[in-house]
Amino acid sequence: MRKLALNDDILMQVEKPARYIGNEVNSVIKDKTQVAVRFAMCFPDVYEIGMSHLGIQIIYSMLNEWEDVWCERVYSPWVDLDKIMREKHIPLFGLESQEPVKDMDFLGITIQYEMCYTNILQVLDLAQIPLLAAERGEGMPIVIGGGPCTYNPEPIADFFDLFYIGEGETQYRKLFDWYIENRAKGGTREDFLRGAAKIPGIYVPQFYEELYNEDGTVKGRRKQYDDIPDTILKEIVMDVTDAHYPLKPVVPFIKVTQDRVVLEIQRGCIRGCRFCQAGQLYRPVRERNVDKLKSYAVQMLKNTGHEEISLSSLSSSDYSHLDELLDFLIEDCSQKHTNISLPSLRIDAFSLDVMSKVQDVKKSSLTFAPEAGSQRLRDVINKGLTEEVILKGAALAFEGGWTRVKLYFMLGLPTETEEDIKGIGDLSNKIAATFFDTVPKDKRVNGKVQIVTSTSFFIPKPFTPFQWATMCTKEEFLEKAYQTKQGIMEQLNQKSIKYNWHEADVSVLEGVFARGDRKISQVILEAYKRGCIFDAWSEYFHNDVWMQCFEDCGVDIGFYTTRERPDDERFPWDFIDCGVTKEFLLREWKKAQDETVSSNCKVQCQGCGANRFGGGICYENR
Amino acid sequence: MKIRIKFAKYGTMKFIGHLDMMRFFQKAIRRAGIDIKYSEGFSPHQIMSFAAPLGVGIESCGEYMDIEVLSMTSTQDIKDALNRVMVDGVEVLSVTVLPEQAKNAMASVAAASYRLQMKEGAFPIDHLEDKVKAFYGEESIPYTKETKKSVVEVDLKQGIYEIGVDSDGAIMMLVNASSSGNIKPTVVFEKLCQFVNLEIPQLSYQVTRLETYTDIAKAGEEHVFIPLADVG
Ligand code: SF4
């Protein structure tokens, strides 16, 4: 039996010791003397969150399929264990071998949201790896960053030896082969990084310097070597059907957020909502073959024993074989007593029929994401959902017995007026009224309708048409939330409507990180040193500490959030090429201001540039 | 058909709590392809009953759960199928068919035997065997049981059926484990330590549950304990 890194005293003292012992079904144990590369794959948040992430399961499974590589998992120790590890100088370890991460060859960190930035530092620190890449010597693991946040890697550039930009399936073999070759030649860390910088998709930040204009905007970049690329093109898998898929995902002992089999039906999204980063980063849409998906579903349920399966994609309703796949799952799953958890589908007769088959109508709720309260603003953001469609869907659903509706909106979108905000209350009210109009009194199942309206604050993200947009201040956000609340209170059916809104502090910070440059890294480092970790967890988020750090580092928040950006500004992330061109994004930004919508990829190509990858929706028969 | 499964839980698995063990077995049964009976409704669940919950940190070679199956080839096949999908630290020891009228595992539990041993070295108690005897020879062993709701005085002695020391110097005991009168082995040990005026931190010794018993005596008669696996 493996010896655990933590002794019984510690494990009995901390909450949920199962987070730290590994040994889960389908976790992979190898003989460390028989592998050439040891890789620690980290999600810098607590186990239950990290274990729910599909990307890690894909990479974990793919790397472990290679005989000469052993990939282990690492998550952020929760605050209780964090404290003990610091006191006792226990180095952070991989769950599989229970051995220190610092003795491995690579530490790969997936960065899914900005608010985990201090947890990256926590992981490095507990692993006893120097926080700054520049301070890491020979023998220290190569620290790799990946995931959506690395499309603007500059705010965290100082902490990483290299970034892998794009989808993980394509370049790891090449990277490892070069690593093994360089080591055999007796090459140094620097030699390895220099070679790595020439591998497609790999960005080695320490070889580049960011240059600034007097006003603080980016002037350009200076590279240290002539033979390394100026721009980094994202990596992408064009054939998703034959790409690696984890048929034996690790099954946690404790309940985690995503405690089910996850089938990724497609990558990318045809829609082009102008606020959405994922919709641009993962272009073009590539669908997985439906027969393959059916066979994956059967095998994965068998290999994990999970009692639930869900579909994953940015917009499942757009998958061309959705009905076939769902029919199969419903048929197969009912035999196996498996639940199907449906992704949020466009509400129409088809989806309502499917939903009524797999869930208890009385208990489940419908979800609409109009994102904006008025048609005008929905045109600005290119959200092709009209009031008519929403009300029709709601009426259909109410007839079918549903009584709960969830509505999602954003506040602070570009060009937003008081009218648009008022529209949120109006629309919520109209949906309630639709219920009373469609369902006769004696047929009202729960007696009433429940509408939950939620708003989040809009944060402009790189590689979206709104990357030029100004962001609201905290005060403006709160004022908008107040107006929304007032608008709802004035409604006739206000008793049927519940309103939720988010904290504004975190949104402001997220806004800074999202469009930040390299100057931000000192603030993150400082905040970490002053004790900030788990910023994504409201109980551990200390806005006052953060604000003080910005002040002490002399970094102006407004420069990153509320500042107007001219059309020709050079952005810190412009050297990364996600396939979609800046010209296209600018065109969309102008169209947004003109309140003009753009068709989706299926209806008409908008010439975004992603067709250069030579496949997917851009070339399929529409 | 009702089936009783006996299993051991040890090593790193001692850190997995009771509810998570239930989830673990639910998934294991699906991986093993056992034709278990499900409840009706939108989210069907397996018909399954665990005997006595085991505290986190305790090892066991006498854990039980009952399931209902719709079909099976043999108990040996079920045992093999389950063992093929286990993890390090959980092992299915036996599978038996229960008589139709048998009470479920949880309702059957009357007593459990435990072994307590220092993780390193031996208990720092001289003449351990004599001391244990003297301790058990007391008229009564009063203990104040504090729960969230109440504070009650109980006499532990009533629920300690046997206590002694084995040849390795480990303390062995057979105590009440029924839902109404369950006694924790650590509580008994704490009282023993008080009796000999010693303090031994809980984490310095390992507790192992050896077996779980049911009582087949008629009402009013002396206890007759048999392992849950021997029912039927
Ligand atoms: S090139 Fe056209 S079809 Fe392809 S992703 Fe861009 S807009 Fe869609």
Note to self: Can you compute the charge dipole magnitude of segment A:360-502 about its Cα centre, using +1 on each Lys and Arg Cβ and -1 on each Asp and Glu Cβ, nothing else charged? Give it in debye, rounded to the nearest 20.
What the structure shows: 700 debye
Check: Efficiency by 1/(1 + (r/R0)^6): what FRET value for B:D168 and B:A219, r their Cβ-Cβ distance, R0 = 56 Å, to the nearest 0.05?
Finding: 0.90
Notebook entry, point to check: Tally Lys/Arg at +1 and Asp/Glu at -1 over every other residue whose Cβ is under 10 Å from the Cβ of A:C273; what's the total?
Noted result: +3
Next item on the list: Determine, from the Cβ-Cβ distance of A:K392 and A:F436 and an R0 of 22 Å, the FRET efficiency 1/(1 + (r/R0)^6), rounded to the nearest 0.05.
Entry: 0.85
Next item on the list: Can you find, among B:Y10, B:I78, A:A157, the residue farthest towards the positive end of the dipole of the protein assembly as shown? Put +1 on the C-beta of Lys and Arg, -1 on that of Asp and Glu.
Entry: B:I78
Next item on the list: Give the angle, between 0 and 90 degrees and rounded to the nearest 10, that separates the Cα long axis of helix B:185-195 from the longest principal axis of the Cα atoms of chain B.
Entry: 0 degrees
Notebook entry, point to check: Suppose R0 equals 60 Å; then what is the FRET efficiency for A:R612 and A:E551 from their Cβ-Cβ distance, rounded to the nearest 0.05?
Noted result: 0.85
Margin query: As I understand it, the value is the acute angle between the Cα axis of helix A:520-529 and the longest principal axis of the Cα atoms of chain A; what does it come to in degrees, rounded to 10?
Written below: 80 degrees
Checklist line | Charge dipole (the protein assembly as shown, unit charges on Cβ, about Cα centre) - positive-most of A:N23, A:F550, A:S344 | finding: A:S344
Notebook entry, point to check: How much mean residue ellipticity at 222 nm does chain A get from its helices, if each DSSP H run of length 4 or more adds -39500 (n - 2.57) and you divide by all residues, to the nearest 500 deg cm²/dmol?
Noted result: -10000 deg cm²/dmol
Next item on the list: With +1 on each Lys and Arg Cβ and -1 on each Asp and Glu Cβ, and nothing else charged, work out how big the dipole of segment B:82-179 is about its Cα centre, in Debye to the nearest 20.
Entry: 480 debye
Note to self: Can you order the peptides A:227-234, B:122-129, A:429-436, A:556-563 by their average number of other Cβ atoms within 10 Å per residue, highest first?
What the structure shows: A:429-436, A:556-563, A:227-234, B:122-129
Check: Across peptide B:9-17, what mean number of C-beta atoms from other chains lies inside 10 Å of a residue's C-beta?
Finding: 6
Checklist line | About the Cα centre, charge dipole magnitude for segment A:172-288 (Lys/Arg +1, Asp/Glu -1 at Cβ), debye | finding: 440 debye
Item checked: Difference of contour (0.36 nm per residue) and Cα-Cα distance, A:Q483 to A:D332 -> 49.5 nm
Next item on the list: Determine which residues of segment B:1-16 fall in the zone a paramagnetic label at B:L70 would reach in this model, i.e. backbone nitrogen under 14 Å from the point 7 Å along Cα→Cβ.
Entry: B:1
Next item on the list: Quantify how strongly other chains surround peptide B:26-33 by giving the mean number of their Cβ atoms within 10 Å of each of its Cβ atoms.
Entry: 5
Item checked: Cleavage-rule hits (GluC sites (Glu not before Pro)) in segment B:179-230: DSSP loop, at most 12 neighbouring Cβ within 10 angstrom -> B:E199, B:E221, B:E222
Note to self: I want to check the label-to-label distance for A:T470 and B:D35. Put each point 7 Å from Cα in the C-beta direction and report it in nm to one decimal.
What the structure shows: 7.1 nm
Next item on the list: Filter the GluC sites (Glu not before Pro) in segment B:1-88 to those in DSSP coil with at most 11 other Cβ atoms within 10 Å of their Cβ, and list the result.
Entry: B:E40
Note to self: Amide H of B:Y205 versus every other amide H placed in the peptide plane: which residues, excluding those fewer than 5 positions away on the same chain, fall under 5 Å?
What the structure shows: B:K119
Notebook entry, point to check: So what's the net charge close to A:G305: Lys and Arg +1, Asp and Glu -1, counting the other residues with Cβ under 14 Å from its Cβ?
Noted result: +4
Item checked: segment A:156-213: relative contact order as a whole-number percent, Cα under 8 Å and 6+ apart -> 52 percent
Notebook entry, point to check: With each pseudo-label sitting 7 Å past Cα toward Cβ, what's the A:Q299-A:E87 distance in nm, one decimal?
Noted result: 4.7 nm
Checklist line | Dipole of segment A:365-430 [Lys/Arg +1, Asp/Glu -1 at C-beta], most positive-end residue of A:T415, A:A394, A:V380 | finding: A:A394
Item checked: Burial ordering of A:T464, B:T208, fewest other beta-carbon atoms within 10 Å first -> B:T208, A:T464
Check: Nearest 10 degrees, 0 to 90: what angle lies between the long axis of helix A:543-553 and the longest principal axis of chain A (Cα atoms)?
Finding: 50 degrees
Checklist line | Separation between Cα centres of segment B:1-39 and segment A:259-282, rounded to whole Å | finding: 36 Å
Next item on the list: Report relative contact order for chain B in percent, whole number only (criteria: Cα-Cα under 8 Å, sequence separation at least 6).
Entry: 25 percent
Notebook entry, point to check: What's the exposure ranking of A:M85, A:M238, A:M471, going from fewest to most Cβ atoms within 10 Å?
Noted result: A:M238, A:M85, A:M471
Notebook entry, point to check: For segment B:174-223, which trypsin sites (Lys or Arg not before Pro) are in a loop by DSSP, counting at most 16 other Cβ atoms within 10 Å?
Noted result: B:K218
Notebook entry, point to check: Here are some pairs, A:K174/A:K294; A:K302/A:K363; A:K83/A:K248; A:K336/B:K2; which of them have Cα atoms lying more than 23 Å apart in this structure?
Noted result: A:K174/A:K294; A:K302/A:K363; A:K83/A:K248
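No value in this document is a laboratory result; all are computed from the given coordinates. This structure is a prediction, so every number in the text was calculated from the model and none was measured. Methodologically, a virtual Cβ is constructed for each residue, glycine included, from the backbone with ideal geometry; neighbour enumeration extends over all protein chains shown.
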